[in-house]
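Below is one structure, written out as structure tokens; comments come after it.
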Amino acid sequence: MKLKAFWRENNTLLTVLLILLALGVIGWSTMGTQPFVRTTLSGFTLSALYFMVAAGLTLVFGLMDVLNFSQGSMLMVGAYAGWQFYTNPTFLFGLAPLVFALMAGLAMMAVIHPWVAKWPIPESWQSRLRAGLIVLAVVVGVLAVVGVDFRGLASTAMVATMVAADPLAEATPQEPLASFWIRPVLLFLAGALIAMAQARPGDPTVVVHKDQSRRSAFLVGGLLLVTAIATLGREAAPIAVLSMNGNLRFVLALLAGTLVGAGLGAVIEMTLISPLYVRPLYQIIITMGLAFVISELIQLLWDPLPYAMSRPPAFSQPGKAENIWAFFRGGNTTVDILGVTFPSYRLFIIALGVLMFVALTLTLKYTRLGMIIRAGVQDREMVEALGINVKRIFTLVFSMGTGLAALGGIGAAPFVPVEPVMGDRYLMQGFITVVIGGMGSTTGAAIGALLLGLARAFGDYLALKFSLTPAISEASTVIIMALVLLVRPAGLLGRRD
Amino acid sequence: MTQSQDILLDVSAIHTFIGQFHILEGVSLQVQRNSITVLLGRNGAGKTTTLKSILGLTPPRQGRVLFDGRELQGKRAYDIAAMGIGYVPEHRAIFRNLSVGENLRIAERQKGDLDRKADFIFGLFPDLKRLYKLSGDHLSGGQQQMLAVARALVADNKLLLIDEPSEGLAPILIEQMMEAIRELSATLTVLLVEQNFLMASRLAQFYYIIDDGKSVHCGEMADLVHDEALIHRYLGASVRVEGGGQ
């Protein structure tokens, strides 16, 4: 009885898994153990990467019907930020005080509001004042960064990777504090001017609660503190990071890449996406445009060259580990799995993908945020009517999605080239994954990623074996998508409504 | 006048547009504390839009809404709801992929709201306790309606906006729902939209009639019941069909 109900609720999922299992058995018996295991593991590695891009896509589409064409770029940004942090974080630490100062300024809205709301400004002048404030903010903002050698700072990373022998020696001198301090101050001012425009001086219809003002004041205080710390520690921090144990530095790089991706996502949602919820088509176009802009900016800062990030020490001791336990003790480059010599770092990627899936599933199922997301997928208006700020949830979910992609990017950096085209490559695969799995379903994205990754890996194997064109494995993903859509137009686990 | 003290919700001359359609063309109404007030009118007269306009889901373009002495216009729906307004929409809008318990818990505005209110809510709707773990899409219409009302009771609300609680329910369930709403009105204020004239007349103390997006008549329910001409003019057939059995 229970079994029957279980089958009814999960029949698609179980059918797909059974088909995969059957194909696996056939493959194992015809290919022989070693090629089969190697190909399967390669497939899983790809699956993990595809899932990391697709998870955010499907989450964001499910909740807010936004197709984020810049999701691939977020993976790329994560990769660059993480790689830069790992090899030479001077650039990031130089940038951090500026970013925090701007954020602190922008957060001033609710703090400024009680002060400016009562200004006696005639209605006809209010919009002019707002426009003037924004123009002033842009001028101040440009003044703040005038003369910063972004490109020079970024290129130090190249030197570090190319010379690589002693990254510490390459930690570049930075602008002295005596002249640098004015930059964060000006950026804070620029942010505050924008916040003042947002507070709509003289317009009493905008209501800000007292506790909101108080909370914002705390936020601004905290951000200013962080800005001050970042400003003072700007020179010491890169050296401290570079003299750190490589594994710890790698973990921090994962964190840094994720945070940069999540932060950028939040900014994108608040500034570009959220004004356009009434115009979905514009959202698609704006995220597409954003993908181009990000790719160009990255080429501007880092040149179009591909970079290779070195693996952290935990995965780079020479020699092969006899089994997975030996690897944990030895930190070898490769591990023996059922007679196959497999790069240990790729196992880490598979584990990261699985971990991400489990964490996401548990979050959706058991946390309040997850509950709100599941409810919002069905009926945003009702969620709002319960007193929940859906707008803020949107920002949060969007930033979660881009953060996950960025984590995927920095995770992938040690075994795929870090280059300006990596965004597009993974975006396409991510989209196909989501379409196969069903828009909005996390489990669907996992299944889609599994199918695609395995198809790519086995496609490559077959192409090599029968000396066919390798295009066959690239075509396989589209063929799978077409087949799935023929049977299930909404994708495997998509909503049928 | 001391009466203004007793008015929880004061809507004056609101105009609401949906897209380019001018749906509300001047609705004014006042709801007294701890009363049940019903909005009557034909289908498409603008009753549901009135509720949504109060809550800010379809913000009025003109006019003024005062709730508990505070102005609502310009505020976002979530802010308005958080000031103490519970909403039970038409068609219930139960979250189908959440369990009954989650449907209640999501309405918490402060941690522990549900635990504090659990006895009260399950006292009103004992069935929900039994169904607590069931998924929202397995509920019958009546159970959904109970859950929708219960959900609006989890947070500390002063006003409930209830849209067509009797819609699609069997007579015995309508009876239960009426009993529950009557019990609620001891501590809460209720603004109701109801097509079922019989139910409305037995439940509400005050009525407003909305016709063609305007509030055209108001008064005490006890008087309306005897005013055949008024009923016939604004409510027409719907009353005779549903109230005819009496």
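For this structure, a couple of remarks:
- Selection status of A:F61, part of a helix (DSSP H, G or I), open to solvent by 20 Å² or more (accessible area, probe 1.4 Å) and within 30 Å of A:L362 (Cα to Cα): yes
- Output for the range A:383-392, where each listed residue is closer than 15 Å to B:L98 by Cβ and either more than 7 Å from every other protein chain (Cβ to nearest Cβ) or surrounded by fewer than 22 Cβ atoms within 10 Å (Cβ to Cβ) (or both): A:V383
- Pairs where the first residue, in the range A:459-484, is over 15 Å from A:Q429 (Cβ atoms) and of a type in the set (A, V, I, L, M, F, W, C) and the second is open to solvent by 50 Å² or more (accessible area, probe 1.4 Å) and assigned to a loop (DSSP other than H, G, I, E, B), C-beta under 6 Å, 6+ apart: A:A463/A:P470
- The number of residues in the range A:1-39 that are of a type in the set (S, T, N, Q), surrounded by 16 or more Cβ atoms within 10 Å (Cβ to Cβ) and at pLDDT 85 or above comes to 1.
- Cβ-Cβ under 6 Å pairs, at least 6 apart or on other chains, the range A:226-250 side under 15 Å from A:G94 (Cβ atoms), far side hydroxyl-bearing (S, T, Y) and surrounded by 14 or more Cβ atoms within 10 Å (Cβ to Cβ): A:P238/A:T90
- Scan of the range B:198-212 for residues that are more than 12 Å from B:T37 (Cβ to Cβ) and open to solvent by 20 Å² or more (accessible area, probe 1.4 Å), ordered by number: B:L198, B:S201, B:R202, B:D211, B:D212
- Counting the residues of the range B:85-102 that are within 9 Å of another protein chain (Cβ to nearest Cβ) and closer than 19 Å to B:T187 by Cβ gives 3.
- Restricting attention to the range B:140-155, the residues being of a type in the set (A, V, I, L, M, F, W, C), within 14 Å of another protein chain (Cβ to nearest Cβ) and either closer than 19 Å to B:S166 by Cα or assigned to a helix (DSSP H, G or I) (or both) number 6.
- Test: residue in the range B:143-160 that is modelled with pLDDT under 85 and open to solvent by less than 40 Å² (accessible area, probe 1.4 Å): no
- Any hit, the range A:395-404, residues being in contact (Cβ under 8 Å) with a residue 12 or more places away in the chain, at the interface with another protein chain (Cβ under 10 Å from one of its Cβ atoms), within 30 Å of B:I54 (Cα to Cα) and out of contact with any His (no Cβ under 8 Å at 6 or more places or on another chain): no
- Hey, B:G44 more than 13 Å from chain A (Cβ to nearest Cβ), over 17 Å from the mean Cα position of the chain (by Cα) and not polar (S, T, N, Q) or not: no
- Some residue of the range A:418-430 being outside any helix (DSSP H, G or I), closer than 30 Å to A:A308 by Cβ and open to solvent by less than 20 Å² (accessible area, probe 1.4 Å): yes
- The residues of the range B:51-84 that are part of a loop (DSSP other than H, G, I, E, B), more than 8 Å from chain A (Cβ to nearest Cβ), buried (at least 18 other Cβ atoms within 10 Å of the Cβ) and free of Cβ contacts under 8 Å to residues at least 40 places away in the same chain, listed by number, are B:G56, B:L72.
- Some residue of the range B:163-172 being over 18 Å from B:L51 (Cβ atoms) and either among the aromatic types (F, W, Y) or crowded, with 22+ Cβ neighbours inside 10 Å (or both): no
One line per residue, one yes/no per condition, for (1) assigned to a helix (DSSP H, G or I); (2) over 27 Å from B:S140 (Cβ atoms):
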| residue | (1), (2) |
| --- | --- |
| B:R96 | no, no |
| B:G101 | yes, no |
| B:R109 | no, yes |
| B:D115 | yes, no |
| B:F122 | yes, no |
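- Residue within the range B:213-229 that is β-branched (V, I, T), within 14 Å of chain A (Cβ to nearest Cβ) and either out of contact with any Lys or Arg (no Cβ under 7 Å at 6 or more places or on another chain) or open to solvent by less than 20 Å² (accessible area, probe 1.4 Å) (or both) present: no
- For the range B:118-135, the set of residues classified as away from chain A (no Cβ under 14 Å) and either closer than 22 Å to B:I85 by Cβ or touching a helix residue (DSSP H, G or I) at 6+ places or on another chain (Cβ under 7 Å) (or both) consists of B:A118, B:F120, B:I121, B:F122, B:L124, B:F125, B:D127, B:L128, B:K129, B:L131, B:Y132, listed by residue number.
- Of all residues in the range A:454-473 being of a type in the set (G, A, S) and touching a helix residue (DSSP H, G or I) at 6+ places or on another chain (Cβ under 7 Å), the one that is nearest to A:T40 (Cα to Cα): A:A457
- Here A:F69 meets each of (1) surrounded by fewer than 24 Cβ atoms within 10 Å (Cβ to Cβ); (2) over 18 Å from A:G289 (Cα atoms) with one exception, condition (2).
- A single entry from A:G403, A:G411, A:G376 fulfils the requirement of being assigned to a helix (DSSP H, G or I) and crowded, with 24+ Cβ neighbours inside 10 Å: A:G411.
- Exclusive hit being open to solvent by 20 Å² or more (accessible area, probe 1.4 Å) and under 23 Å from A:L136 (Cβ atoms), set A:V220, A:V208: A:V208
The values are calculated or read from the model by the stated rules, or taken from the named source; none is laboratory data. Quick caveat: nothing in here was measured; it's all calculated off a predicted structure. As a convention, Cβ positions derive from the backbone with ideal geometry for all residues, glycine included, and neighbour counts pool all protein chains shown. These accessible areas exclude ligands, DNA and RNA; they are computed on the full protein's heavy atoms, side chains included. Shrake-Rupley method; radii C 1.70, N 1.55, O 1.52, S 1.80 Å.
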